[in-house]
Ligand code: AMP
């Protein structure tokens, strides 16, 4: 991994792929987490005496659409950095080249939304080459898009001799490694969420790399049904029944312990305030649906979490968006926080578990919260992300 730490960017113009795909309402940034995540890399370049050219996408525009302009993030970035950045209303061509030429040491230039050009997502060679002509060095610091073979995330890298992992990308990659490759034993994965089919590739990749796997949330019911349990109306995927049995068999062969829930909070209706009842996980009446981990399951999961040294969490263990069914996910999050306090390393990654950690205000109580949904999932599946492999070529 070629990081920016041992290189001096003095008098260099540095093209940095950042992830400024932030939520915007009425022209204002409503969550600046992603902007803040890019700051350490930007500061390193400025402190070395270089200049930054920042490029990103924002939303999914169809051509030049003003409502997706990156000008909307400028004042937020100015506030966070404490300097006045420059903005260029194009990301390639003569206007961008002129803006890059005029850029001095210590300055930051934001290029307009890359996805105003369809060539960005198609990974167009000429577009990538044009981007590369704006700078001397390239840094990828956008973990959230590192799984996409786009022009700015992947193709552009080949035009640079000096190309680096930004500080955020470095942190993300190290956090995954710390769990999957060199995690301190016992290593635990807590997996939940609704769609078992989307999580199977993760289970298959990590099964011989972890000691324990907790399978909670909606994805547990396919396993329970495959084992002959009655799951009522609970979410499940019949096409995955055989697969789940083969996963259990494989876990036995690999000496990996798989822990399924033993009880479940059920309701007849999937809505806030619906009357709920706890049933054994394999004895759910026909008219009920399992929506949250039951008290015995929570107790069992907590004990495993508290005796683990490395913890990966991906996917809620209940319908945490609905208050009545959020207890399991909250308690699991709190147990992971407690285990972290006792010295465990914990990584929360991939979509909804990150949302849950934020909802329960636990983001500062776990070791690392990933910024990349799809990129994190693909990494956990064992895939080499194109944006990462491009930096090594
Ligand atoms: P995923 O994107 O597969 O990680 O799924 C996340 C979603 O799973 C969240 O929106 C949760 O509400 C949902 N979920 C968790 N447990 C259950 C369950 N028992 N039944 C239905 N949905 C669930």
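The values are calculated or read from the model by the stated rules, or taken from the named source; none is laboratory data. If you're wondering where the values come from, they're calculated on a predicted model, not measured in any experiment. Neighbour counts run over all protein chains shown; Cβ positions are idealised from the backbone, glycine included.
Residue under question is residue 197, and the condition is that it be surrounded by fewer than 16 Cβ atoms within 10 Å (Cβ to Cβ) and near the ligand (Cβ under 10 Å from one of its atoms); does it hold?
Values: surrounded by fewer than 16 Cβ atoms within 10 Å (Cβ to Cβ): yes; near the ligand (Cβ under 10 Å from one of its atoms): yes.
Spelling it out, residue 197 is indeed surrounded by fewer than 16 Cβ atoms within 10 Å (Cβ to Cβ) and near the ligand (Cβ under 10 Å from one of its atoms).
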Based on what the data block shows, is residue 225 surrounded by 15 or more Cβ atoms within 10 Å (Cβ to Cβ), within 28 Å of the chain's Cα centre (by Cα) and either within 16 Å of the ligand (Cβ to nearest atom) or within 22 Å of residue 319 (Cβ to Cβ) (or both)?
-> no
Return yes or no: is residue 298 surrounded by 20 or more Cβ atoms within 10 Å (Cβ to Cβ), in the same structural domain as residue 265 (by TED's automatic domain parsing) and out of contact with any strand residue (DSSP E or B) (no Cβ under 8 Å at 6 or more places or on another chain)?
-> yes
Scan segment 109-132 and give yes if some residue there is surrounded by fewer than 17 Cβ atoms within 10 Å (Cβ to Cβ), within 25 Å of residue 44 (Cα to Cα) and touching a helix residue (DSSP H, G or I) at 6+ places or on another chain (Cβ under 8 Å), otherwise no.
-> no
Within the bounds of segment 231-244, is there any residue that is within 13 Å of the ligand (Cβ to nearest atom), out of contact with any strand residue (DSSP E or B) (no Cβ under 9 Å at 6 or more places or on another chain) and closer than 27 Å to residue 299 by Cβ?
-> yes
Could you pull out every one of the strands (runs of 3 or more DSSP E) wholly within segment 280-383 that has 1 or more residues that are at pLDDT 95 or above, within 13 Å of the ligand (Cβ to nearest atom) and within 20 Å of residue 182 (Cβ to Cβ)?
-> 310-314, 345-348
Single unsatisfied condition, residue 308 versus (1) in contact (Cβ under 8 Å) with a residue 24 or more places away in the chain; (2) within 20 Å of residue 208 (Cα to Cα); (3) loosely packed, with under 15 Cβ neighbours inside 10 Å | (3)
Scanning segment 313-365 residue by residue, those within 16 Å of residue 295 (Cβ to Cβ), touching a helix residue (DSSP H, G or I) at 6+ places or on another chain (Cβ under 9 Å) and surrounded by fewer than 24 Cβ atoms within 10 Å (Cβ to Cβ) turn out to be 326, 327, 330, 331, 334, 335
Would you be able to say whether some residue in segment 254-276 is at positive phi, more than 11 Å from the ligand (Cβ to nearest atom) and in a loop (DSSP other than H, G, I, E, B)?
-> yes
